[in-house]
Structures are given as structure tokens and as C-alpha cells.
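Engineer: Below you will find the structure I want to go over with you.
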Amino acid sequence: MSGNLSVAIVGATGAVGQEFVRLLAERRFPVGRLKLLASRRSAGKTVEFQGRPHTIEELTDDSFQDVELALFSAGASISRKFAPLAAEAGATVVDNSSAFRMTPGIPLVVPEVNPEALEGVELGNGGIIANPNCSTIIMIVPVTPIHRAVRVRRIVVSTYQAASGAGAAAMAELEQQTREVLAGRSPTCEIFRQQYAFNLFSHDSGIGPDGYNTEEMKMVRESHKIWGDSSVAITATCVRVPVMRAHAESINLELEEALDADQARSLLANAHGVSILDDRTGNRFPTPLDASGRDDVFVGRIRADISRSGKNGVHGLDLFVCGDQIRKGAALNAVQIAERLVGDRTRRSARRVEVSLSR
Ligand code: A2P
């Protein structure tokens with residue numbers, strides 16, 4: 001195996017796929033060969049990577065010969081069909097869809113939270129790793145340091161989710177609708193069933209018999225799997241807002257032990273992947289625009305919950321967070337997983353060299 005990897009991106013023309021291309025270049029990921037895969041509609045188009053045009057190929061059963069790492073973001077049905085083929089061909093798959101997240105034995109990983117779930121995974125040996133849902137990642141990155149310090153008993157989260165979570169076509173529709181509404185025309189509704197510009201609505205995923213939509217249940221179940229602890233009670237309300245690419249979340253935590261705002265702020269100040277923007281005097285807190293194009297989850301409105309704190313021994317904390325859905329919510333998290341695997345591989349080969357030298 002060479003130092004540089006043979007990498008494939010599945011869904012290379014999509015919002016997350018394009019971010020994969022940008023991130024691999026920006027973070028100097030050791031790419032030897034890059035294969036860009038999408039539907040037949042896109043085959044033959046070119047995408048720039050490291051200053052050179054790369055031609056998009058149609059995704060087929062044979063796309064994964066000699067691929068060591070495959071980054072998937074083309075939706076769950078494509079992942080269900082092609083990720084196992086890629087893994088059989090020897091590629092390690094990091095899958096951004098929901099297809100395998102809850103499958104027992106498949107690691108569901110946020111590198112800042114549960115990197116240990118990657119133990120035993122070797123690049124280029126086949127195998128699938130799931131990237132969590134964007135809203136889950138953006139919540140769990142700042143909540144984990146608090147959970148580890150004082151244990152979270154219950155989370156009540158409300159999301160304000162951007163168009164990007166529904167893909168590039170949804171972002172284009174938001175832009176188009178905005179123009180149409182401003183021009184006094186009726187908005188085109190092809191991706192979403194109702195007007196999105198100058199409006200907001202309950203998340204467009206399916207609703208179950210209990211009244212929760214799929215997005216809300218992903219936040220509950222995936223957080224439990226990532227933490228390996230399903231005793232934390234979680235309830236979520238997920239809403240789409242007419243924002244382009246960063247999600248916001250209002251998070252209320254019930255805590256086992258007291259934690260005041262200053263203590264929470266200092267825990268978060270030391271947490272990986274978190275930036276604090278919490279200026280009470282200036283009334284300046286995280287916005288989706290602050291988080292757009294940035295790696296960290298931004299946290300503000302850090303305050304003890306006055307409805308809880310101290311009363312009957314129950315403690316509470318409120319946070320308002322914003323994170324880039326395309327980056328940390330999807331492509332960046334997947335690339336960080338791949339970077340960990342590259343690091344592990346480098347450490348393994350260094351150990352092999354040491355062992356052979358000591359013989
Ligand atoms: P294409 O642009 O050729 O349709 P997004 O999440 O932004 O909507 O992007 C979805 C990605 O999934 C795009 O790159 C899209 O490619 C890709 N995709 C959709 N359907 C298929 C398919 N049948 N085979 C391969 N790629 C697909």
C-alpha cells in the first residue's frame with residue numbers, strides 16, 4: 001500500500017460531495033488517485049481538484065476496484081446498494097447517509113466524542129463506518145464535554161435547520177423561491193411541498209405513529225449509540241428554516257450535578273471542535289452565518305436554566321449552538337474519521353518498521 005490513498009467520492013456533484021473535494025485539498029489529505037462518482041446525468045462533467053480537472057464517472061458495480069477509501073454521500077438507497085460492493089472490493093467506506101447508522105457492529109463516529117469506536121478498522125480492508133446525522137453531530141459535540149463532567153439526564157432540543165441538509169437542489173430552490181417571492185410571483189415548490197422562503201416548517205422527514213419525525217428520532221437514537229448510553233432521555237423538535245447551510249439548535253439540559261454558566265463556559269472553552277460566542281453585553285451570539293464555512297460548532301446563550309437550577313436538587317443548563325451542516329455536520333466529520341484511520345495506519349507501519357529493525 002502506497003503512502004497516498006486511492007480515494008473515491010460517491011455523490012461528487014452534491015452539496016456534501018463538493019465539500020469533500022474542497023476539504024481533501026484544503027486539509028492536504030494524502031490522496032494518490034481521486035475517483036469522482038455520480039449519476040449518469042453527471043458523467044463526463046469535470047471538477048477541479050489540486051488545480052487539475054477530474055472527470056466525473058457514472059457510479060457502477062465496478063467503480064471500486066483499487067479504491068482504498070470511499071466517501072459516500074448520494075443518499076441512503078445508493079449507499080445500501082453500493083457501500084457493501086465497495087467494502088467487498090476492499091475499500092473502507094465512510095458513509096454519510098442514514099443507511100447503516102443503527103446497524104449493530106457498524107461504528108457511528110464523531111471523532112471528538114467516540115474515536116475508540118474506530119478500533120480495529122483498517123484502511124483498505126473493507127468495512128463500513130457511518131457518519132451521524134448533521135443535527136446529531138452539531139448537538140453532541142458541545143454537549144459531550146458537559147455530559148462527561150456532570151452527566152446529562154435529559155436533553156430537550158429544538159433545531160432550526162438549513163436548506164443544505166436536503167441537498168444542493170434544495171439550496172437552489174430556496175434561492176429561486178426568494179427571488180420569486182420578492183418579485184411578487186408564486187414560489188416554485190419542487191423539493192419541498194410548501195413555501196420555504198420567508199417561512200419555516202416542521203422538518204420534511206416522515207412522521208411516525210408517535211408523532212415524532214424521522215429526523216427527531218435520529219437525534220435520539222444516534223446520540224444513544226454514539227455515547228453507548230441510552231439512559232439519557234432525549235426529546236427533539238426539528239424545524240426547517242430558510243437558511244442556506246448552517247443549522248442552529250436550542251438545547252436544554254437537565255444535569256445530575258450543578259453547573260453554572262462560568263463553569264460550563266470553561267468546560268466548552270477547552271473542548272475540541274467548539275468555539276464560544278457568548279457576548280451578553282453586546283447581545284451577540286452564534287448565527288448560522290458565523291458558522292457557515294467554519295469547522296467548529298459555535299456555542300452561546302450559555303446560562304443556568306432558571307426553571308430548574310437548585311430546585312428539588314434538579315439542575316439545568318441552556319445553550320444555543322450553530323454548526324455548518326455541510327462541513328462538521330457531514331463532509332468534515334467524515335474526513336476527520338478518514339484522517340484518524342490514516343493516522344492509525346501510519347502508526348501501525350511505524351511499529352512494523354520498529355519491530356523489523358529490532359529483530
Ligand atoms: P447527480 O448530480 O449526478 O444527480 P445532494 O445531496 O446535494 O442532493 O447530492 C446528491 C448526490 O448523489 C449527487 O452527486 C448526485 O449525482 C448523486 N446521485 C443521485 N442519484 C444517483 C445515482 N443513481 N447514482 C449515482 N449518484 C447519484
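Each reported figure results from applying straightforward, stated rules to the coordinates on display, with no laboratory input. Quantities reported herein were computed from a predicted structural model and do not represent experimental measurements. Note: ideal-geometry Cβ built from the backbone for every residue, glycine included; neighbour counts use all protein chains shown.
Engineer: Spelling out what I want: for every residue of the stretch 3-16, take phi, set θ = phi - 60°, compute 6.51 cos²θ - 1.76 cosθ + 1.60 (Karplus), and round to whole Hz; glycine and proline get x.
Structural biologist: Here the 3J(HN,Hα) series is x, 8, 9, 8, 10, 10, 10, 9, x, 5, 8, x, 4, 6 Hz.
Engineer: Related question: Based on the Cβ-Cβ distance from residue 118 to residue 185, what FRET efficiency comes out when R0 is 41 Å, to the nearest 0.05?
Structural biologist: Values: r = 50 Å, r/R0 = 1.22.
Using R0 = 41 Å, I get an efficiency of 0.25.
Engineer: Based on C-alpha coordinates, I'd like the Rg and Dmax of the chain, in Å.
Structural biologist: According to the Cα coordinates of the chain, Rg and Dmax are 21.2, 79 Å.
Engineer: Rank by packing, highest mean first: peptides 148-158, 331-341, 273-283, with packing defined as the count of other Cβ atoms within 10 Å averaged across residues. Let's see the in-between values first.
Structural biologist: Working: 148-158: 17.6, 331-341: 23.0, 273-283: 14.4.
Ranking the peptides 148-158, 331-341, 273-283 by packing returns 331-341, 148-158, 273-283.
Engineer: Continuing with this model, one more query. From Cα pairs below 8 angstrom and at least 6 apart in sequence, can you work out the relative contact order of the chain, rounded to a whole percent?
Structural biologist: Taking the mean separation of contacting Cα pairs over the length of the chain, I get 17 percent.
Engineer: Now, a different point. For the residues 171, 102, 219, what sequence is obtained by ranking on other C-beta atoms within 10 Å, fewest first?
Structural biologist: Numbers: 171 19, 102 15, 219 28.
Least crowded to most crowded, the residues run 102, 171, 219.
Engineer: Multiplying the sequence separation of residue 195 and residue 283 by 0.36 nm and subtracting their Cα-Cα distance, what value in nm do you get?
Structural biologist: Details: separation 88, 0.36 × 88 = 31.68 nm, distance 3.08 nm.
Here the answer is 28.6 nm.
Engineer: Residue by residue through the stretch 246-261, which ³J(HN,Hα) values in whole Hz follow from phi under the Karplus form 6.51 cos²θ - 1.76 cosθ + 1.60 (θ = phi - 60°), with glycine and proline marked x?
Structural biologist: Residue by residue, the stretch 246-261 yields 10, 8, 10, 9, 9, 10, 10, 10, 9, 10, 6, 10, 5, 8, 8, 4 Hz.
Engineer: Then there's this: Using the Kirkwood radius over Cα pairs, work out the Stokes-Einstein diffusion coefficient for the stretch 54-111 at 20 °C and 1.002 mPa s, in µm²/s as a whole number. Intermediate results must be reported in sequence, preceding the final value.
Structural biologist: Numbers: Rh = 12.0 Å.
After rounding, the answer is 179 µm²/s.
Engineer: For residue 241 and residue 272, what is the calculated FRET efficiency with R₀ set at 25 Å and r taken between the beta-carbons, to the nearest 0.05? Spell out each step's value before the answer.
Structural biologist: On the way: r = 27 Å, r/R0 = 1.10.
Approximately 0.35, to the nearest 0.05.
Engineer: Please state, as a whole number in µm²/s, the translational diffusion coefficient that the Stokes-Einstein equation yields for the stretch 134-193 at 4 °C and 1.567 mPa s, with Rh defined as the Kirkwood radius across alpha carbon pairs. Present the calculation step by step, with values, prior to reporting the outcome.
Structural biologist: Working: Rh = 14.3 Å.
Rounded to a whole number, D works out at 91 µm²/s.
Engineer: Test of understanding: extend the Cα→C-beta vector of residue 22 to 7 Å, then name every residue of the stretch 227-253 with backbone N under 15 Å from that spot.
Structural biologist: Taking a point 7 Å out along Cα→Cβ of residue 22, the residues of the stretch 227-253 whose backbone N falls under 15 Å are 244-247.
Engineer: Can you compute the FRET efficiency between residue 178 and residue 158 using 1/(1 + (r/R0)^6), with r the Cβ-Cβ distance and R0 = 25 Å? Round to the nearest 0.05.
Structural biologist: 0.55
Engineer: Another one. Which one of 275, 263, 235 has its Cα pushed farthest toward the positive end of the charge dipole of the chain, where Lys and Arg give +1 and Asp and Glu give -1 at the Cβ?
Structural biologist: The residue sitting most towards the positive pole is 275.
Engineer: I need the shape label for the stretch 229-298. Rule: rounded when a/c is under 1.5, else prolate if a/b > b/c, else oblate, with a, b, c from the alpha carbon gyration tensor.
Structural biologist: Working: a/c = 1.78, a/b = 1.18, b/c = 1.51.
Judged from the Cα gyration tensor, the stretch 229-298 comes out oblate (a/c at least 1.5, b/c at or above a/b).
Engineer: Mind checking the alpha-carbon convex hull of the stretch 31-133 and giving the volume per residue in Å³?
Structural biologist: Values: hull volume 11.7 nm³, N = 103.
Each residue corresponds to 114 Å³ of Cα convex hull volume.
Engineer: Can you list the aspartates and glutamates whose alpha carbon is less than 18 Å from that of residue 328, not counting same-chain residues fewer than 8 positions off?
Structural biologist: By straight Cα distance, residue 328 reaches 19, 26, 95, 112, 215, 222, 249, 290, 295, 296, 339.
Engineer: How much length would be gained if the chain were fully extended between residue 307 and residue 262, taking 0.36 nm per residue of separation minus their Cα-Cα distance, in nm to one decimal?
Structural biologist: Details: separation 45, 0.36 × 45 = 16.20 nm, distance 1.82 nm.
Stretched out fully, the residue 307 to residue 262 stretch lengthens by 14.4 nm.
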